[in-house]
Structure formats: structure tokens, C-alpha cells
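Data block below; observations after.
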Amino acid sequence: MISVKNLKKSFGALEVLKDISIEIEPKEVVVVIGPSGSGKSTFLRCLNQIETITDGHVYIEGVDITDKKVDINKVREEVGMVFQQFNLFPHKTVLENITLPMSVVRKWNKQEAKTKAIALLEKVGLADKADVYPDSLSGGQKQRVAIARALGMGPKVMLFDEPTSALDPEMVGEVLEVMKQLAKEGMTMVVVTHEMGFAREVGDRVVFMDEGYIIEENEPEAIFGNPQHERTQSFLSKIL
Amino acid sequence: MMDFRWDIIIDYLPFFLQGALRTIGMSLAGVLLGCILGLFIALGKMSPLFIVRLPFVWYINFFRGTPLLVQLFLIHFAVMPLFMSPVNPIASVIATLSLNSAAYVAEIFRAGIQSIDKGQAEAAHSLGMNKIQVMRHVILPQAFKRMIPPLGNEFITLLKDSSLGAIIAAPEIFYWGRAAVGEYYRVWEPYLMVAVIYLILTLSLTYLLNYLERRFATE
Ligand SMILES: Nc1ncnc2c1ncn2[C@@H]1O[C@H](COP(=O)(O)OP(=O)(O)OP(=O)(O)O)[C@@H](O)[C@H]1O
Ligand SMILES: [Mg+2]
């Protein structure tokens, strides 16, 4: 599904991703953990080329997205992304947030887009909020709309960058619930999160990153129960 | 001031009103054309390529860094004769105001566009939108709201600056003021009248802009 080969990424002189290789299978849920500044967000953003890659290759379903001849916008239709800060469009209603890319990118007609969008809002439990503006939603509701918006394009992979980190604690659950549901439906997911409960319950694999490298990866039980690397141990001892 | 000659004002009132319409028309045309041109200049100036940016940077430098009167003379006496003869002074004023305001509008657009959170463009790109779609559907609608006050100020500046047209005989408000001075050998009445008309125009515009701002703010 996703194949990353010797990915490197620098911002000027700062080398953030040093040599990352990983294979992600269809329907797999990969949870990425690691200390702040270790390059988790940057890694995720390289998977849909929101950051341009310095070196190495990223293949999505066999297509090398670092190839200049590849239409990156087409690739991005297949790769949904959910951000920590939601990034809903404040000048559009909840419904329009979801239908905008459908009509602009997919060229669906209004009715088609609307029907699909309402179905997605029902799925995330927010059908009654279709006509309000994002400003009037709680953080948890915003993030659920953002998930629905990304799903609207019918992606094959979903990337989540700390989707619950900006939320009040009582709203974390409702967002994780939607993500669990997605995982159950067989969505391929790469999730950067500090929610270890989610990683244990939903993750097929946990990847521990530090200083631009993947230090260790394994099934959740193995990583949490018996971390091999000393840096993993010290990180986990701080957060668990 | 003891013998204020109202009759001069009454005599010239039709000309002043006609001049006021021309002033409004020229400024409006100037700001509209300036907006269109300014948007392209702003986009050009934000290009990641230095070589693409360069001409736009110098366009802005030139039109913000030289006196408007000099620009008007250059355009009226040097540039416009290449395109028409005889040169219509109104066309020269509109061309100068458009080119000049484009430089200011470009900076207003650029500031407005860059004031929108980067996450907006990232989210839109992640949904598969291309650069033009992101600009048109996500960035510009949000930036535009923030650009209304500075664009309004630019319009007011332009309206006042259009009085320079009198020097090349474009028949706007100030031109008729000078004509009245020439006919009656009186300075107070015509020039005061001119000042009052400009004041009425700029104050009405300010009021209109405040109203628009409030409308957009509550939307
Ligand atoms: N656009 C950028 N320009 C320059 N440096 C950047 C940029 N984005 C990230 N960095 C730097 O790259 C490093 C890794 O950042 P990144 O956001 O990927 O870390 P992270 O693991 O997601 O951390 P966090 O848990 O705090 O979100 C940091 O040192 C950061 O300052
Ligand atoms: Mg991060």
C-alpha cells in the first residue's frame, strides 16, 4: 500500500528525517510514537508530499510520488489527512467544507456531493450540524467534521497527525471512537498519537521514532510490554 | 470673506457636478483595473523563483517610489501617444491611476493572502486541490474580508490623487475649480467649493466602507 525507501528530509541545514524505510500493508493501522521534535509530523507530511522530500522514495500503491511526472494532486485524492489543528475552512459551513473538494476536485454535481456529505456527517454523528459554521463547533466536533471531509474523497489511506492533542480531555473519546470505527471497516491508517490506549487497542503495529530514525517497530503488546531499545524504554517510562 | 460670491458657485455648479462624476468614474476605473492587475502582481511577487519575482518587485518599487505626478506626465506625454492621437487626458489619468494603484493593491493582496493560516492551504492541498483551486476557493475568499479596509483606503487616496488630472486638462472637479478661478479672478469660492466636494466624496466613502466592514464582520 505504502512503501517508503530511504526517505530523507532536511529543512535547510537541519536534517529532520535521516533514513526512514517502512512498508505499510493494506488495512493496516500503524501508530507512530516518539518524543517531540523526532520528525513524526514531517514523516507523515512526506507521505502526501505536503513536504517535498529531500531524498529517497515514497510509493503509494506502486506509484512513486516523488517522481516529477506524477500528478501529486491525483495521489492526494487517495490519501486523506487529518491535522491536529483541524484546519476546517471557516468561511464554509460544515456541509460545504465536505462538498467543496467533491465539487472542485471530483467535479460531482451539487446533489451528488450533498447526499454523500450528509451520509458522512451521519457516520461521524454530526448530521444536525450540516448548516452551521465551524466556529460554533466544539473541538471534538470540528475534528469529526475534518475526518468526514477527508473521507469524502474516498481515500485508500488516512493519515492522522495527533488528531486529539488539541482537544479537551472529555472530547478525545468521541474522535477516537470514529477512528476505531474506520479501522474496523478496513481503512489503512497511519496515526501519530500519544494515546497509548488507542495504539494498544487498534494498532496493528507501533513505530517508535527518535531523532529522524525509526528506532523500533513491533506489535503493540511487544513494544509496550517488552521494548528492546533503550531509547524506547526511556520514552515509554516517561509517558506510561 | 465679507463678500462671498455665491453666484460663482451657482454658475459653476453644473460643471462641478459633472467633474465630480468624472472624478468618481476615473477613480473607480482606476481601482478596479488596479485590483485585477494588482492580484497578478501579488501572485507574481510571491513566486518561489527569484527570477520570476524580480520584475514584479521592481514594478512595485517603481510605482511606489516615484511621484504620481511624474508617472502621470510620463504616461500622458510619452506612453499614451504611442497608442492614440490626440491623447485623451481622461484615458491617461485612468491608465496612471490603474498602474499606480496596482502596485499598492498588490501589497494589500500579498499581506492579505499571507495572513491566512498555512494550515488552510495544507488541508486544501491534502484534499487534492491544485494551487489555483486552493487560491480561488480557500485563500482568496478569506483574505478578501481582511483586505476590505486597506482597499477602501486605497480608493480614497486614489480619489484625491485623481485631482492631478487637472494639470493635463482632464475635466474633473479640480479642473473646473481652476477654470472658475481663471474666469472670475477669485480664488476663495472655487477652491473652497472644490475642497468641499472632495470632502463630501471621501466622507461618504468612509461611511460606506465602515458599513461594508460591519456587514462582512457579522456574516
Ligand atoms: N517547516 C519547517 N521548517 C524548519 N524546521 C522545521 C519545519 N517543520 C519542522 N521543523 C523541525 O523539524 C523537527 C521535527 O519536527 P516535527 O514537527 O516533524 O516533529 P514531531 O515529531 O512531529 O514533534 P511534535 O511531537 O512536537 O509534533 C523539529 O526540530 C522542527 O523544529
Ligand atoms: Mg508533530
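The values are calculated or read from the model by the stated rules, or taken from the named source; none is laboratory data. All figures in this text were calculated on a predicted structure; none of them were measured in a lab. Positions of Cβ are backbone-derived with ideal geometry, glycine not excepted, and every protein chain shown enters the neighbour counts. Only protein heavy atoms, including side chains, enter the accessible area calculation; ligands, DNA and RNA are left aside. Shrake-Rupley method; radii C 1.70, N 1.55, O 1.52, S 1.80 Å.
Suppose accessible area is computed on protein heavy atoms with a 1.4 Å probe; arrange B:Met135, A:Met102 from highest to lowest.
Output order, biggest surface exposure first: B:Met135, A:Met102.
Please give the solvent-accessible surface of B:His137 in Å², to the nearest 10, using a probe radius of 1.4 Å with every protein chain present.
Counting only protein heavy atoms, the figure is 40 Å².
Could you work out the mean projected area of the convex hull around the alpha carbons of the protein assembly as shown, in square nanometres to one decimal?
One quarter of the hull surface, i.e. the mean projection, equals 29.5 nm².
Tabulate in residue order the Karplus-calculated ³J(HN,Hα) for the stretch B:6-22, using 6.51 cos²θ - 1.76 cosθ + 1.60 with θ = phi - 60°, rounded to whole Hz; enter x for Gly and Pro.
4, 5, 4, 5, 5, 4, 8, 3, x, 5, 4, 5, 4, x, 4, 4, 5
What would the Debye equation give as log₁₀ I(q)/I(0) for the stretch B:148-219 at q = 0.13, 0.19, 0.26 Å⁻¹, counting only Cα atoms as equal point scatterers?
-0.48, -0.78, -1.11
Each residue of the stretch A:116-126 in order: what ³J(HN,Hα) in whole Hz does its phi give by Karplus 6.51 cos²θ - 1.76 cosθ + 1.60, θ = phi - 60°, with x for Gly and Pro?
These are the phi-based 3J(HN,Hα) values: 5, 5, 4, 4, 5, 5, 5, 4, 9, x, 10 Hz.
Gain in length, B:Arg186 to B:Phe83, computed as 0.36 nm per residue apart minus the alpha-carbon separation, to one decimal in nm?
Taking B:Arg186 through B:Phe83 to full extension adds about 33.2 nm, to one decimal.
Take the alpha carbon atoms of the stretch A:1-132, find their radius of gyration, then divide it by 2.2 N^0.38 Å using N residues; give the quotient.
1.24
From a point 7 Å beyond the Cα of A:Tyr213 in the direction of its Cβ, which residues of the stretch A:26-46 have a backbone N at a distance under 16 Å?
Those under the cut-off are A:34-35, A:38-40.
GluC sites (Glu not before Pro), restricted to the stretch A:1-90: which are DSSP loop and have at most 14 other Cβ atoms within 10 Å?
Sparse-neighbourhood loop GluC sites (Glu not before Pro): A:Glu61.
So how long is each side of the stretch A:136-240 along the principal axes, counting just the alpha-carbon atoms, biggest first, in Å?
Dimensions of the stretch A:136-240 along the principal axes of its Cα atoms: 45, 29, 25 Å.
What ranking of A:Thr188, A:Thr52 comes out by heavy-atom accessible area, probe 1.4 Å, highest first?
The most accessible residue leads, giving A:Thr52, A:Thr188.
When only Cα pairs under 8 Å and 6 or more residues apart are kept, what is the percent relative contact order across the stretch B:1-122?
Reported relative contact order: 40 percent.
Can you tell me, using C-alpha contacts under 8 Å and at least 6 residues apart, the relative contact order of the stretch A:45-128 as a whole percent?
After rounding, I find 15 percent.
Would you mind computing, in nm to one decimal, how far apart the modelled labels at A:Ser36 and B:Gln18 are, each placed 7 Å from Cα along Cα→Cβ?
7.2
Let's test the formula: R0 of 25 Å, r as the Cβ-Cβ distance of B:Arg178 and B:Leu74. What FRET efficiency results, to the nearest 0.05?
Using R0 = 25 Å, I get an efficiency of 0.65.
Taking a 25 Å limit on the Cα-Cα distance, which of the listed pairs A:Lys40/A:Lys238; A:Lys68/A:Lys114; A:Lys68/A:Lys110; A:Lys74/A:Lys107; A:Lys74/A:Lys116 fall beyond it?
Beyond 25 Å between Cα atoms: A:Lys68/A:Lys114; A:Lys68/A:Lys110.
Before anything else, pin down the relative contact order of the stretch B:67-153: Cα pairs under 8 Å, at least 6 apart, normalised by residue count, whole percent.
For the stretch B:67-153, the relative contact order is 27 percent.
Averaged across the residues of B:127-135, what count of C-beta atoms belonging to other chains lies within 10 Å of each residue's C-beta?
6
Can you tell me how much longer the chain between A:Asp19 and A:Asp168 gets when fully stretched, taken as 0.36 nm per residue apart minus their C-alpha distance, in nm with one decimal?
The span from A:Asp19 to A:Asp168 would gain 50.1 nm if fully extended.
Between A and B, buried accessible area summed over both sides at probe 1.4 Å, in Å² to the nearest 100?
The A and B chains share an interface burying roughly 1600 Å².
Can you tell which of A:Lys27, A:Lys129, A:Lys110 shows the greatest fluctuation in a Gaussian network model of chain A with Cα springs below 10 Å?
A:Lys110
If DNA, RNA and ligands are ignored and the probe is 1.4 Å, what is the ranking of B:Leu37, B:Leu203 by accessible area, most exposed first?
B:Leu203, B:Leu37
Considering the stretch A:198-240, what Rg and Dmax in Å follow from its alpha-carbon atoms?
Calculated on Cα positions, Rg and Dmax stand at 9.7, 27 Å.
Share of Cα-Cα pairs in the stretch B:115-194 beyond 22 Å, in percent?
54
Which angle from 0 to 90°, rounded to the nearest 10, does the C-alpha axis of helix A:94-104 make with the longest principal axis of chain A?
Helix A:94-104 sits roughly 80 degrees off the main axis of chain A.
Which one of B:Arg186, B:Arg178, B:Arg110 has the biggest mean-square fluctuation once chain B is modelled by GNM with Cα springs under 10 Å?
It is B:Arg186.
Once fully extended, how much extra length lies between A:His229 and A:Thr54, figured as 0.36 nm per residue of separation less the alpha-carbon to alpha-carbon distance?
Full extension of this stretch gives 60.2 nm more.
Once ligands and nucleic acids are excluded and a 1.4 Å probe is used, how much of A:Ser234 is accessible, expressed in Å² to the nearest 10?
50
In the stretch B:143-188, which chymotrypsin sites (Phe, Trp or Tyr not before Pro) are in a loop and have at most 12 other Cβ atoms within 10 Å, using DSSP for the loop call?
Those satisfying the criteria are B:Tyr185.
Per residue, what volume in Å³ does the Cα convex hull of chain B take up?
147
Under 5 Å between amide H atoms, partner at least 5 residues away or on a different chain: which partners does A:Arg205 have, H built in plane at 1.01 Å?
Residues meeting the criterion, in which the H sits 1.01 Å from N, are A:Val29, A:Val31.
Compute the long axis of helix A:139-151 from its Cα atoms, compare it with the longest principal axis of the Cα atoms of chain A, and write down the angle in degrees, 0 to 90, nearest 10.
90
Given R₀ = 41 Å, what would the calculated FRET efficiency be for A:Ser10 paired with A:Thr115, taking r from the Cβ atoms and rounding to 0.05?
With R0 = 41 Å, the Cβ-Cβ based efficiency is 0.35.
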